[in-house]
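Novice: Right, I'll just put the structure down here and ask away after.
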Amino acid sequence: MSDGKIVLSDDDYSVLKRLVDSLERTGRLSQPHFNRLAREMKHAVVMDRADIPSKVITMGSRVNYTCKETGTTAEALLVFPAQAKEGESHVSILAPLGLALIGEREGTEIEYVAPGGTYRIRINRVEHTGVTQAAAEA
């Protein structure tokens, strides 16, 4: 994240907090990506969904981005882990790309580390889709 704080709606924060608590109880917070989410949750900016700026990536955002190394453009829908299997473009908040995207803004360039290496991307467009915790709990 560029400013060190993720932006979450109050309902998404509640779902992610339960997820982090579960990871802690099962001893899985030692895994780097899970631990990163737990750390970022401690400093999250939590607000009403209606007050979140439209260009900020939150849970349920569809993000169009370009890989700087290859020039390819792709889309990702940032979802909760249970929703990640619903489609190729669904990216879990627990995936390296998901953690890198949360809280970023349209127009920024970010770098993230994944099992295949280090990637640099430019965030071209952010669209809020309405995919929220309600769908994750259904």
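Novice: State, to one decimal in nm, how far the label point of residue 82 lies from the label point of residue 21, with both points 7 Å from Cα in the Cβ direction.
Specialist: About 1.5 nm separates the two model spin labels.
Novice: Report for the range 7-137 the percent antiparallel among DSSP-assigned beta bridges with both residues inside it, nearest 5.
Specialist: Given both bridge residues lie in the range 7-137, the antiparallel proportion sits at roughly 75 percent.
Novice: Just how many pairs of Lys in the chain have C-alpha atoms closer than 19 Å, counting pairs that are eight or more places apart or on different chains?
Specialist: 4
Novice: Something else about it: What FRET efficiency comes out for the pair residue 49/residue 125, r = Cβ-Cβ distance, R0 = 30 Å, nearest 0.05? Before the final figure, lay out the partial values.
Specialist: On the way: r = 19 Å, r/R0 = 0.64.
It comes to 0.95.
Novice: Follow-up question, since we're still on this one. Could you put 111, 40 in order, starting from the residue whose Cβ has the fewest other Cβ atoms within 10 Å?
Specialist: Arranged by neighbour count, lowest to highest, 111, 40 become 111, 40.
Novice: Per residue of the chain, what 222 nm ellipticity follows from adding -39500 (n - 2.57) for every DSSP H run with n ≥ 4, rounded to the nearest 500?
Specialist: -8000 deg cm²/dmol
Novice: Still on this structure: Calculate the FRET efficiency for residue 72 and residue 33 from the Cβ-Cβ distance with a Förster distance of 41 Å, rounded to the nearest 0.05.
Specialist: Between residue 72 and residue 33 the formula returns 0.95.
Novice: Sticking with this one: Taking 22 Å as R0, compute the FRET efficiency from the Cβ-Cβ separation of residue 10 and residue 42 and round it to 0.05.
Specialist: Here the calculated transfer efficiency is 0.85.
Novice: Using only the Cα atoms of the range 7-137, build the gyration tensor, take square roots of its eigenvalues as a ≥ b ≥ c, and label the shape rounded, prolate or oblate: rounded if a/c is under 1.5, else prolate if a/b is larger than b/c, else oblate.
Specialist: oblate
Novice: Report the one residue of 50, 33, 121 whose Cα lies farthest in the direction of the positive end of the charge dipole of the chain (charges on C-beta: Lys and Arg +1, Asp and Glu -1; origin at the Cα centre).
Specialist: 33
Novice: Please rank 85, 5, fewest neighbouring Cβ atoms within 10 Å first, as an exposure proxy.
Specialist: Lowest count first: 85, 5.
FYI, it's all coordinate maths here, none of it is from the lab. Computed from a predicted structure; not experimentally measured. Glycine also receives a Cβ, built like all others from the backbone with ideal geometry; neighbour counts cover every protein chain displayed.
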